[in-house]
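Data first, discussion second: the structure below is written as C-alpha cells.
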C-alpha cells in the first residue's frame, strides 16, 4: 500500500448477485454526489494489472476499469478502479462484508466509516 484517500462523489454498494453466480453480491461503486469512499492506493506492476483485469472480469465484461481522481493528504492523484457493469442490488455475505471492513480498518479508515461498513445488511448464502 502506498497511501490512502477518498473517492469523492461515489459510494460503495453491491451488485451482481445473480449475474456472477456465487454466494452473494460483490462490491462496486456508483456515482453519488455528496458521498465518498475510503480507498487504499497500491502501486501495481503492469503485468499484475493485466492479471487483475482477467481475474476481476474486465476482459469478460463483468467489470469496467475506470480512471478516477482520489483526494489524499498530499493532494489529488489518479488511480483506476473496477466498477461492476450491471445493475446495483443484492446483499453481500457477512464474511465478504467483514473482509471489506477489516481491510478498511487495517488501512486506517476512520472509526465511524468502519462502523458504518460493519452495520450494513448482509444476505445468507443459498445452496
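Given the residues 79, 101, which is the only one that is in a helix (DSSP H, G or I) and either surrounded by 16 or more Cβ atoms within 10 Å (Cβ to Cβ) or over 14 Å from the mean Cα position of the chain (by Cα) (or both)? So that I can check it myself, show each step before the final result.
Values: 79 fails: in a helix (DSSP H, G or I).
When all the criteria are applied, what remains is 101.
Give the number of residues within segment 19-74 that are assigned to a helix (DSSP H, G or I) and without any contact (Cβ under 8 Å) to a residue 60 or more places away in the chain.
Let us first name the residues in segment 19-74 that are assigned to a helix (DSSP H, G or I), namely 19-20, 46-56.
Cutting the leftovers down to without any contact (Cβ under 8 Å) to a residue 60 or more places away in the chain gives us 20, 46-56.
Matching residues across segment 19-74 total 12.
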key: Members of segment 104-127 found to be surrounded by 12 or more Cβ atoms within 10 Å (Cβ to Cβ) and outside any loop (DSSP other than H, G, I, E, B), listed by number   = 104, 105, 107, 113, 114, 115, 116, 117, 118, 123
Per-region count, segment 98-127, residues touching a helix residue (DSSP H, G or I) at 6+ places or on another chain (Cβ under 7 Å) and farther than 24 Å from residue 49 by Cβ = 8
task = Those residues that are touching a helix residue (DSSP H, G or I) at 6+ places or on another chain (Cβ under 7 Å) and either under 18 Å from residue 85 (Cβ atoms) or modelled with pLDDT under 95 (or both), I need them from segment 1-44; list them, please.
result = 1, 24, 25, 26, 27
request  = Those residues that are closer than 14 Å to residue 12 by Cα and in contact with a strand residue (DSSP E or B) (Cβ under 9 Å, 6 or more places away or on another chain), I need them from segment 110-121; list them, please.
outcome  = 113, 114, 117, 120
task = Among the residues of segment 87-98, count how many are in a loop (DSSP other than H, G, I, E, B) and crowded, with 17+ Cβ neighbours inside 10 Å.
result = 2
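The values are calculated or read from the model by the stated rules, or taken from the named source; none is laboratory data. What you are looking at is a predicted structure, and each value in this text was computed from that prediction instead of being measured. Neighbour counts run over all protein chains shown; Cβ positions are idealised from the backbone, glycine included.
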